[in-house]
Structures are given as C-alpha cells and as structure tokens.
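Before anything else, here's the structure in question.
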Amino acid sequence: MKQSKKLGQCFLKDKNFVKKAIKSADITENDIVLEVGLGEGALTKELAKLAKFVYVIELDMRLEPFANQIMSEFKNVKVIWNDALKVDLKELGFNKIVANLPYQISSPITFKFLENDFDVAVLMYQYEFAKRMIGKPDTDEYSRLSVSIQYNSDVEFICKVPPTAFSPKPDVNSAIVKLTKREPLFHIENEEFFRNVLNAIFQHRNRTVKRALIDSSHEMNIERERLKEILENIKLDFDFSERVFKLAPEKIGELSNILYLNIISKK
Ligand code: SAM
C-alpha cells in the first residue's frame, strides 16, 4: 500500500516511542481509550494489551487488513471507519486518548478533544505545534493555541521524536505531549467572545493590546470607532499599553470579561 502524505500516514516504527506514549498515559485495565489513526496498528496493539477497551477512528479503508488482523487477535478493539472530525465523540465514553495524530488535523482535533470529558490525552504532534501548546508568556512560542489549551488543561512536554522513528520519515521533528484536563484556570463570562478576543489580539502579538484590539475589531463584531470609544471609557480598568505576547492567560481572561461586560451593557 502506498502511504498517503495527505492523510499524514507516517507510521511509528520505533518501539521505544510507542512504549513512552503508553507509559505516559498510565493505561490500566479500567481504561477505555480513544485512538485517532490506526495506521498499521503499532499503538493500537499495545493499548489493547493493557486497556479495557480501545476505540480507533480511521479514515482510510485501505488499512482494513490491519484492522481485521488486530480485531481477530484482540476482542477489546473496535475500529470506526470515519473522519475523526465528524465522529460524535461524546457517544463513545472513553476516559483516555492516545494517538499519533495526522498532523494536518492537529488543531481542530485537539479542540474537539477538549470539548469532551477525559482524564488524560497523550498525543504526538509536529514539534513546533507542541512547543506552541506549552508556550509561556513573553516567549516566541506563546500564542492563541497556548492560551486556549492551558485555559482548561495542564500540558506536559514528554519528549522530542526524530523523523527516524517513523516510516516514511516525515520532513519535520515530532513531539509527544500529555494533556490533563482540569477545571478552567479562571472565570470567563462568555467563551465564544473569549475565543474572538484571542483571535483578535494574537493577529498582532507584538503590538499593544489597544492597537491589536482596534486593528482586529471585526473579530469581535464591533465597529472600529465604537471600540475606540469603549476602550477610552474603560482605560482605568486595564493596562491596554501592554504588549499582547506578554499578557498571561488570566490577564487575557480579565480583558475578555471587561470588554464583554462593557459591550453587552451598552447594547
Ligand atoms: N497510529 C498509527 C501509528 O502510530 O503508526 C498511525 C499514525 S499516522 C501518523 C495517522 C493515521 O491517521 C493514518 O493512518 C491516517 O490514515 C489516519 N487519518 C488521517 N486523517 C484522518 C482523519 N481525519 N480521521 C481519522 N483518521 C485519519
């Protein structure tokens, strides 16, 4: 079978990284695990040996021979043939996620995971993406992704994974990351508005918060002149002269709430 680049089909060959991922997830016989991307089943088989049940979502039906072989050996594996972005994950009832993700869906699938309840997710990403997930304020990696993820999960960088661990070898380095879901770090008045504020300010991460907000007012569905007026009226409540990349996640939460309450109250 010719592996598809478009589907991110770089299969994990180095058993040390399979072991590392499984160990980080601390799989026990009570765990129901979700995996995205069967490939040839390198992770699936090891998960099936330890977990109560493993659901694997795979898009490419050419991999059916691998699925059949695994399901005949392990009765606790079910392969769901679908696009992982289209599956209703809430119906599956898993508590852990372990996956060597197809990198082209890293961002939407991670946000989809975070909308669900789970204890721990151990996931393989492109190295640069992983660095942005763990990014801290005042670093080059600090981004919209860092804040959105750290808002309701702890992120731990497990290890860097070289291209030689896969076949075929990808052009980039990879990394294993562990996410532990927890209660949000701070209160948000309106999550959709918070996401809009993140989109707005991180488009101009080196500018001051004021400048970034005004230049991206459309992201928050506010007319530019009206936003200027609102910022002028609330300038004592927040330091709008700070640079976006220096704002800690909870400060961005505070900014979002102040803006939201002011905009709503003046509607
Ligand atoms: N788990 C295997 C391993 O570690 O060797 C395969 C990992 S490979 C990086 C990613 C897998 O995800 C491929 O088998 C690919 O066909 C599958 N895939 C790609 N896009 C997908 C999608 N949208 N939904 C489900 N599976 C997808």
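What follows draws every value from the coordinates through simple rules; no lab data is involved. Owing to the predicted nature of the structure, the values given are computational and were not obtained by experimental measurement. All Cβ positions, even for glycine, are placed from backbone atoms using ideal geometry, and neighbour counts span all protein chains on display.
Arrange the following residues from fewest to most other Cβ atoms within 10 Å of their Cβ: 10, 159.
Working: 10 23, 159 14.
If I rank by nearby Cβ atoms, fewest first, I get 159, 10.
Set Lys and Arg Cβ to +1 and Asp and Glu Cβ to -1, take the dipole of the chain about its Cα centre, and tell me which of 59, 261, 30 lies farthest positive.
59
Could you tell me what percent of the DSSP beta bridges with both partners in region 38-190 are antiparallel, to the nearest 5?
Values: 15 of 25 bridges.
For region 38-190, the DSSP antiparallel bridge percentage is about 60.
Let me ask another. For region 84-192, build the charge dipole from Cβ charges (+1 Lys, Arg; -1 Asp, Glu) around the Cα centre, then report which of 167, 121, 187 sits farthest towards its positive end.
So the residue furthest toward the plus end is 167.
Amide H neighbours of residue 173 under 5 Å, at least 5 residues apart or on other chains, H built in the peptide plane: list them.
HN-HN under 5 Å from residue 173: 127.
Charges at C-beta only: +1 for Lys and Arg, -1 for Asp and Glu. How large is the resulting dipole of region 189-263 about its Cα centre, in Debye rounded to 20? Each step should come with its number before you reach the end.
On the way: 12 positive and 14 negative charges, 86 e Å.
Here the size comes out at about 420 debye.
Also: Taking amide H atoms as placed 1.01 Å from N in the peptide plane, list the residues 5 or more away in sequence, or in a different chain, whose amide H sits under 5 Å from that of residue 97.
34, 120, 121, 122
Calculate one ³J(HN,Hα) per residue across region 153-159 by plugging θ = phi - 60° into the Karplus curve 6.51 cos²θ - 1.76 cosθ + 1.60, and present them in order as whole Hz with x for glycine and proline.
Result, rounded to whole Hz: 7, 8, 10, 10, 7, 8, 6.
Here is a further query. Looking at this model, which pairs from 112/228; 228/251; 13/178; 160/210 are more than 31 angstrom apart at the alpha-carbon? Don't skip to the answer; put the middle values down first.
On the way: 112/228 34 Å; 228/251 20 Å; 13/178 20 Å; 160/210 37 Å.
Check vs 31 Å cut-off fails for 112/228; 160/210.
Over region 3-179, one equal point on each Cα, no solvent: what is log10 I(q)/I(0) by the Debye formula at q = 0.13, 0.18 Å⁻¹?
For the requested q values the scattering log ratios are -0.60, -1.21.
Under unit Cβ charges (Lys, Arg +1; Asp, Glu -1), what dipole magnitude, rounded to 20 debye, does region 1-143 have relative to its Cα centre?
Working: 21 positive and 21 negative charges, 88 e Å.
The calculation lands at about 420 debye.
Amide H of residue 56 versus every other amide H placed in the peptide plane: which residues, excluding those fewer than 5 positions away on the same chain, fall under 5 Å?
Counting only residues 5 or more places away or on other chains, the set is 35, 78, 79, 80.
Please compute the modelled spin-label separation between residue 16 and residue 160, points set 7 Å along Cα→Cβ, answer in nm with one decimal.
According to this spin-label approximation, the distance is 1.4 nm.
Check every DSSP H run in the chain and write down those whose alpha carbon atoms cover 18 angstrom or more along the long axis and whose mean Kyte-Doolittle hydropathy is -0.5 or greater.
Helices passing the filter in the chain: 249-265.
Take region 1-91, drop everything but the C-alpha atoms, weight them equally and run the Debye formula without solvent; then report log10 I(q)/I(0) at 0.11, 0.18 Å⁻¹ to two decimals.
-0.29, -0.82
Give the percent of DSSP beta bridges with both residues in the chain that are antiparallel, rounded to the nearest 5.
Details: 18 of 35 bridges.
The answer is about 50 percent antiparallel.
Cβ under 15 Å from residue 77's Cβ, residue 77 left aside: what net charge do those residues give with Lys, Arg +1 and Asp, Glu -1? Display every interim value, and only then the final one.
On the way: positive: 45, 49, 52, 75, 78, 96; negative: 29, 31, 35, 40, 46, 58, 64, 73.
Neighbourhood net charge equals -2.
Same structure, new question: Checking the a/c ratio against 1.5 first, then a/b against b/c, what shape does the Cα gyration tensor give for region 189-263?
rounded
Report the charge-dipole magnitude of region 90-129 in Debye, nearest 20, computed about the Cα centre from +1 at each Lys and Arg Cβ and -1 at each Asp and Glu Cβ.
On the way: 3 positive and 5 negative charges, 15 e Å.
My answer is approximately 60 debye.
If you add up the charges near residue 164, with Lys and Arg at +1 and Asp and Glu at -1, over every other residue whose beta carbon is less than 11 angstrom from its beta carbon, what do you get? Provide the component values of the computation, followed by the final result.
Working: positive: 13, 169; negative: 14.
Local net charge: +1.
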